[in-house]
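The values are calculated or read from the model by the stated rules, or taken from the named source; none is laboratory data. A quick note: this is a predicted structure, and the numbers were derived from the prediction, not measured. Note that each Cβ is placed from the backbone with ideal geometry, even for glycine, and that neighbours are counted across all protein chains shown.
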Amino acid sequence: MRGELDAELVLSQSLPGGRATLEGVLPGLAEEALARSLGKGVVGRMGPWNLEGDRLTLTLTAENGRAHQALLALTRRLKVELGRTAKVGVRTVRALRYRLTFDVPKAPTAPVSLPIPHQLRFGDGQATLELEGLDEEALRDNWSDRAVTLVEDKVLRQHYQGKEQYWKLLSQSPARNLTVTEDPTEAMLRRNWLRNGPTKGKWFLGPLPAHLLRTMERIAIDEVLRPLGFEEVVQPHHDSFDILLKTGHLEGVPGEFYYVAEPKSRDPAVWERFTDLVKITRKVPEAELANLVSGPVAVSCYAQCPTTYWWLSGRTIAQEMLPLKVFDRAAISNRYESGGRHGLERVDEFHRIEPVYLGTPEQLLELREQLLARYAHVFNDILELEWRTAWVTPFYMQQSGAIGVEDETQRIKGTIDFEAYLPYRGTREASEWLEFQNLSIVGDKYPKAFTIKTQKGELWSGCTGIGLERWLIAFLAQRGLDPTAWPAGFRKYAGELPREIRFL
Ligand code: ATP
Ligand code: ZN
Ligand code: MG
């Protein structure tokens, strides 16, 4: 990457002696700053410069490095020098223009936008990004690096738009003789087990399906998590923006959150007009309400692992605790699924157990095998499901080489999806199976992002999301609602069932 930077430094006052004062020192300081900040083998130089009153303008070029780092280094040196010799400070430093030229292996297929002032051109396998008016904070904070990465990423994604994720079958249970073909949500609605919730994508589960959902939860805990030494935590239900910035969710899925707002005040006097309007109109005074609550301050739990990582942030885990294995079932997941909603299997509010594990790479690979074995026991021997597992990778990630797929020995970091056949959707071959849970080893991404350490060696993490509604739907779609047709292992776990409530 080539960087070319037109900078402006505003001094605390005009320099006594003007340009002549700088002539003797500036080139030397620039050379030193370039050499020190750009690192070995990087060619950098200062181009023309000019001083007018308190305004110093200059250009810096780095052939294969980060010119803004050299500018910051030069500013530091200039502050010391001018303070010492002329009692003059440097008030502000900014890049008027920062031109970055870098390789793009694939040409863009559509315009690429950026939300900060810039110009962008593509040609000859290269992109030239010219950022305008970067202040000191933006320079220090390396906005330029991130803008380049964003352009590269956007171009790469254009080439994979609409393509499905990479999917490779890992294991498949034997086909089972399944006779039920009804959509279980429809069946439960017909029998008044469920009622479509009072707000979007939510369901009210009556005593019977609630009992079945909790039975699934008990099976997961007793048959998978406790035997493997997982311990329960109880985490808060709201995720801070700070957490989601660290995990990447805030840039990844901002359109899927339910955002949390707070009252601006809990003083009844502040709410008087609102409550009076409610009393008189019996309607929600929406405009009034909008003025009385804050903007979003957090999001309702999207996944539980981010908050689990937050719990461990800044801590050093004692070696003998590894692998650390915990699970949360307290936070209820909320997602704005919009057009994708369907039945109880794709809802805006669902109940999930999320186990999270941290340890050495070897420990996590061993734990993955143990989890796979325990899950197989549950799905084969207790729920008697027809199910399969697949190694899945988003196409752009595969392309970036972050996760190996074809070579089995490379399948270390990544995600395994568990899918169940839903007869109501059609044939085994043509229909889409339901992802009812997954299992990931993520590597050191989250320990790094949250500064979680251990005494020595590498610390990796991963999680496995057990979606209870999905377990239930997979089971009922294959086995139906009649308990006498359920496998003995499940019936034993379920015990005595609540009565079916009759409505007249
Ligand atoms: P999908 O591809 O089906 O949208 P996902 O990749 O978004 O799933 P994850 O974010 O990996 O799912 O969440 C882990 C688990 O949480 C899923 O395997 C599933 O069991 C459950 N889950 C996710 N979204 C929903 C939903 N909208 N309704 C019910 N369960 C869900
Ligand atoms: Zn997770
Ligand atoms: Mg999803």
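Matching residues to (1) on the phi > 0 side of the Ramachandran plot; (2) within 26 Å of the chain's Cα centre (by Cα):
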site	(1), (2)
R94	no, no
I116	no, yes
Q126	no, no
L139	no, yes
N142	yes, yes
D145	no, yes
L150	no, yes
Q161	no, yes
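Any residue at all in segment 53-68 that is assigned to a strand (DSSP E or B), loosely packed, with under 13 Cβ neighbours inside 10 Å and touching a residue at least 12 places away in the same chain (Cβ under 8 Å)? Working first, answer last.
So the first thing to find is which residues in segment 53-68 are assigned to a strand (DSSP E or B), and the list is 55-62.
Now restrict to residues that are loosely packed, with under 13 Cβ neighbours inside 10 Å: 55.
Still in the list and also touching a residue at least 12 places away in the same chain (Cβ under 8 Å): 55.
Yes: one or more hits.
Every residue, every condition in (1) more than 29 Å from G465 (Cβ to Cβ); (2) within 16 Å of ligand 3 (Cβ to nearest atom); (3) out of contact with any Phe, Trp or Tyr (no Cβ under 9 Å at 6 or more places or on another chain); (4) of a type in the set (V, I, T), yes or no:
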residue	(1), (2), (3), (4)
E231	no, no, no, no
L245	no, no, yes, no
V278	yes, no, yes, yes
A290	yes, no, yes, no
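Suppose the filter is surrounded by fewer than 20 Cβ atoms within 10 Å (Cβ to Cβ) and within 30 Å of V25 (Cβ to Cβ); does A110 pass it?
Working: surrounded by fewer than 20 Cβ atoms within 10 Å (Cβ to Cβ): yes; within 30 Å of V25 (Cβ to Cβ): no.
So A110 does not fit the description; no.
Tell me the residue from R374, R315, R388 that is of a type outside the set (G, A, S), loosely packed, with under 14 Cβ neighbours inside 10 Å, more than 15 Å from ligand 2 (Cβ to nearest atom) and at pLDDT 95 or above, please. So that I can check it myself, show each step before the final result.
On the way: R374 fails: loosely packed, with under 14 Cβ neighbours inside 10 Å; R388 fails: loosely packed, with under 14 Cβ neighbours inside 10 Å.
After applying the criteria, what remains is R315.
Which one of these is assigned to a strand (DSSP E or B) and either of a type in the set (F, W, Y) or out of contact with any Phe, Trp or Tyr (no Cβ under 9 Å at 6 or more places or on another chain) (or both): E4, E8, E32, E81? Quick ask: steps written out before the conclusion?
Numbers: E4 fails: either of a type in the set (F, W, Y) or out of contact with any Phe, Trp or Tyr (no Cβ under 9 Å at 6 or more places or on another chain) (or both); E32 fails: assigned to a strand (DSSP E or B); E81 fails: assigned to a strand (DSSP E or B).
Within the list E4, E8, E32, E81, the selection yields E8.
Look at H351 and say whether it is modelled with pLDDT under 95, within 15 Å of ligand 1 (Cβ to nearest atom) and closer than 22 Å to L213 by Cα. If you could, list the steps in order and put the result at the bottom.
Details: modelled with pLDDT under 95: no; within 15 Å of ligand 1 (Cβ to nearest atom): yes; closer than 22 Å to L213 by Cα: yes.
Answer is no for this residue.
Does segment 430-453 include one or more residues that are within 25 Å of L344 (Cβ to Cβ), out of contact with any helix residue (DSSP H, G or I) (no Cβ under 7 Å at 6 or more places or on another chain) and more than 14 Å from ligand 1 (Cβ to nearest atom)?
yes
Being in contact with a helix residue (DSSP H, G or I) (Cβ under 8 Å, 6 or more places away or on another chain), within 16 Å of ligand 2 (Cβ to nearest atom) and part of a helix (DSSP H, G or I) is the filter here, so list the residues in segment 225-277 that pass it.
Residues satisfying the conditions are I243, L244, K246, T247, H249, L250.
In segment 322-348, what residues are within 16 Å of ligand 2 (Cβ to nearest atom) and part of a strand (DSSP E or B)?
L324, K325, V326, F327, D328, S333, N334
Within segment 164-183, does at least one residue satisfy the condition of being in the same structural domain as G252 (by TED's automatic domain parsing) and in a helix (DSSP H, G or I)?
No: zero hits.
So that you can scan it fast, the table gives a plain yes or no per residue for (1) at pLDDT below 95; (2) under 26 Å from Q478 (Cβ atoms); (3) not basic (K, R):
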{"position": "P198", "(1), (2), (3)": "yes, no, yes"}
{"position": "W203", "(1), (2), (3)": "no, yes, yes"}
{"position": "F230", "(1), (2), (3)": "no, no, yes"}
{"position": "Q235", "(1), (2), (3)": "no, no, yes"}
{"position": "G252", "(1), (2), (3)": "yes, no, yes"}
{"position": "Y258", "(1), (2), (3)": "no, no, yes"}
{"position": "E262", "(1), (2), (3)": "no, no, yes"}
{"position": "L277", "(1), (2), (3)": "no, no, yes"}
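Matching residues to (1) of a type outside the set (D, E, K, R); (2) within 16 Å of ligand 3 (Cβ to nearest atom); (3) touching a residue at least 12 places away in the same chain (Cβ under 8 Å):
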position: L344; (1), (2), (3): yes, yes, yes
position: E349; (1), (2), (3): no, yes, yes
position: I353; (1), (2), (3): yes, no, yes
position: V356; (1), (2), (3): yes, no, yes
position: T360; (1), (2), (3): yes, no, yes
position: Q370; (1), (2), (3): yes, no, yes
position: R374; (1), (2), (3): no, no, yes
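Just to be sure before I move on: is S461 within 15 Å of R368 (Cβ to Cβ) and either surrounded by fewer than 19 Cβ atoms within 10 Å (Cβ to Cβ) or out of contact with any helix residue (DSSP H, G or I) (no Cβ under 8 Å at 6 or more places or on another chain) (or both) in the structure I sent?
The answer is no for S461.
So which residues in segment 433-487 are away from ligand 3 (no atom under 16 Å from the Cβ), touching a Lys or Arg at 6+ places or on another chain (Cβ under 7 Å) and of a type in the set (V, I, T), if there are any at all?
If the condition is that a residue be away from ligand 3 (no atom under 16 Å from the Cβ), touching a Lys or Arg at 6+ places or on another chain (Cβ under 7 Å) and of a type in the set (V, I, T), then I441, V442, I452 are the ones that fit.
For residues in segment 35-52 being within 19 Å of L100 (Cα to Cα) and part of a strand (DSSP E or B), which is nearest to the chain's Cα centre (by Cα)?
Of segment 35-52, the ones within 19 Å of L100 (Cα to Cα) are 37-39, 41-48.
Now restrict to residues that are part of a strand (DSSP E or B): 44-48.
Numbers: G44: 37, R45: 40, M46: 41, G47: 42, P48: 45 Å.
Across segment 35-52, the extreme among qualifying residues is G44.
Which pairs do you get when a residue that is without any contact (Cβ under 8 Å) to a residue 40 or more places away in the chain, found in segment 233-256, comes within reach of a residue that is away from ligand 2 (no atom under 16 Å from the Cβ), reach meaning Cβ atoms under 7 angstrom, with the pair 6+ apart or on two chains?
L250/F241
Right, I221: touching a Ser or Thr at 6+ places or on another chain (Cβ under 7 Å), surrounded by 14 or more Cβ atoms within 10 Å (Cβ to Cβ) and under 17 Å from E354 (Cβ atoms) or not?
Judged against the criteria, I221 is not a match.
Does segment 325-333 contain at least one residue that is touching a Lys or Arg at 6+ places or on another chain (Cβ under 6 Å), within 16 Å of ligand 3 (Cβ to nearest atom), at pLDDT below 90 and assigned by TED's automatic domain parsing to the domain that holds Q455?
At the first step, the residues of segment 325-333 found to be touching a Lys or Arg at 6+ places or on another chain (Cβ under 6 Å) are 333.
Still in the running and within 16 Å of ligand 3 (Cβ to nearest atom): 333.
With at pLDDT below 90 added as a condition, the list becomes none.
No.
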